[in-house]
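The values are calculated or read from the model by the stated rules, or taken from the named source; none is laboratory data. All values reported here derive from a predicted model rather than from experimental measurement. Glycine also receives a Cβ, built like all others from the backbone with ideal geometry; neighbour counts cover every protein chain displayed.
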Amino acid sequence: MTMPFYVAPEQVMKDRADYARKGIARGRSLVALEYAEGIALVAENPSGTLHKISEIYDRIGFAGVGKYNEFEMLKIAGIRHADVRGYSYSREDVTARALANGYAQTLGQVFTHEMKPLEIEILVAELGVDGGADQLYHILYDGTVFDEERYTVLGGEAEAIAGRMDSSWTEGWTMTDALRAAVAALAGPDRTLAADELEVAALSRRDGRRAFRRIEDRELDELLGASPPP
């Protein structure tokens, strides 16, 4: 009788983690950071149609890095969950924490039981209102959840980008300052990122219940300090 090939569980988990990290590292990174009026979401993304940043529900945003089809699937599931919960109970019952916990369970189950883990990291961000704190939940490929403060970085170069963010951080900065700091951190010292290479959105307390909005075209050029097209 042929003996089954044995691999230690620790080695299996390590191989899956290495596989997921390599897949994530092939993509471009993303920064989410708090500013005086809300939360800015800034991603390096030259595509104008394949969005890495989206709205989930009132005052809740979603962002993902890695394989687009995998985090897009989770985004759609999150939107459906939020719609059903908000309709069945109340809109206030839809929270980033509940969504983050659901995503963590899904990612953890796939990482533990499936042959191939999901090659993604995702972010669920919720805008604080009525004196409540903003919330940034960073969920890894294995279901690990980090409750971040001030800013968080997703993607393969997260450590270097986070270091640049930490050195430039200023409490209560404007949207313009926050955006420029995020872009500088994503680009690093050896290159620059133009507006058409970025995807930018904000959860702003000025925009009421539907706080999510995309920042594009002329507005993005002006915030970055570029001369807008005629």
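Quick notes
One line per residue, one yes/no per condition, for (1) touching a residue at least 60 places away in the same chain (Cβ under 8 Å); (2) buried (at least 18 other Cβ atoms within 10 Å of the Cβ); (3) touching a strand residue (DSSP E or B) at 6+ places or on another chain (Cβ under 6 Å):
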{"residue": "SER168", "(1), (2), (3)": "no, no, no"}
{"residue": "THR174", "(1), (2), (3)": "yes, no, no"}
{"residue": "ASP196", "(1), (2), (3)": "yes, no, no"}
{"residue": "ALA202", "(1), (2), (3)": "yes, yes, yes"}
{"residue": "ARG205", "(1), (2), (3)": "yes, no, yes"}
{"residue": "ILE215", "(1), (2), (3)": "no, yes, yes"}
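- Residue match in the stretch 65-81 (condition: surrounded by 11 or more Cβ atoms within 10 Å (Cβ to Cβ), touching a Ser or Thr at 6+ places or on another chain (Cβ under 7 Å) and either over 19 Å from TYR141 (Cβ atoms) or not hydrophobic (A, V, I, L, M, F, W, C) (or both)): yes
- Scanning the stretch 131-148 for residues that are part of a loop (DSSP other than H, G, I, E, B) and either modelled with pLDDT of 95 or more or surrounded by 17 or more Cβ atoms within 10 Å (Cβ to Cβ) (or both) yields a total of 6.
- In this structure, ARG59 does satisfy being more than 11 Å from the chain's Cα centre (by Cα), under 18 Å from GLN135 (Cα atoms) and among the basic types (Lys, Arg).
- Those residues of the stretch 117-130 which are under 26 Å from ALA36 (Cβ atoms) and in a loop (DSSP other than H, G, I, E, B), in sequence order: LEU127, GLY128, VAL129, ASP130
- Count of residues meeting criterion [aliphatic (A, V, I, L, M), under 23 Å from ASN69 (Cα atoms) and part of a loop (DSSP other than H, G, I, E, B)] in the stretch 88-116: 1
- Members of the stretch 84-110 found to be surrounded by 15 or more Cβ atoms within 10 Å (Cβ to Cβ), over 17 Å from the mean Cα position of the chain (by Cα) and at pLDDT 95 or above, listed by number: GLY108, VAL110
- Answer residue from the stretch 33-64, given it is of a type in the set (Ser, Thr, Tyr) and surrounded by 14 or more Cβ atoms within 10 Å (Cβ to Cβ) and is farthest from LEU179 (Cα to Cα) among those: TYR57
- Residues located in the stretch 176-185, provided they are out of contact with any helix residue (DSSP H, G or I) (no Cβ under 6 Å at 6 or more places or on another chain) and either buried (at least 17 other Cβ atoms within 10 Å of the Cβ) or not acidic (Asp, Glu) (or both): ALA178, ARG180, ALA182, VAL183, ALA184
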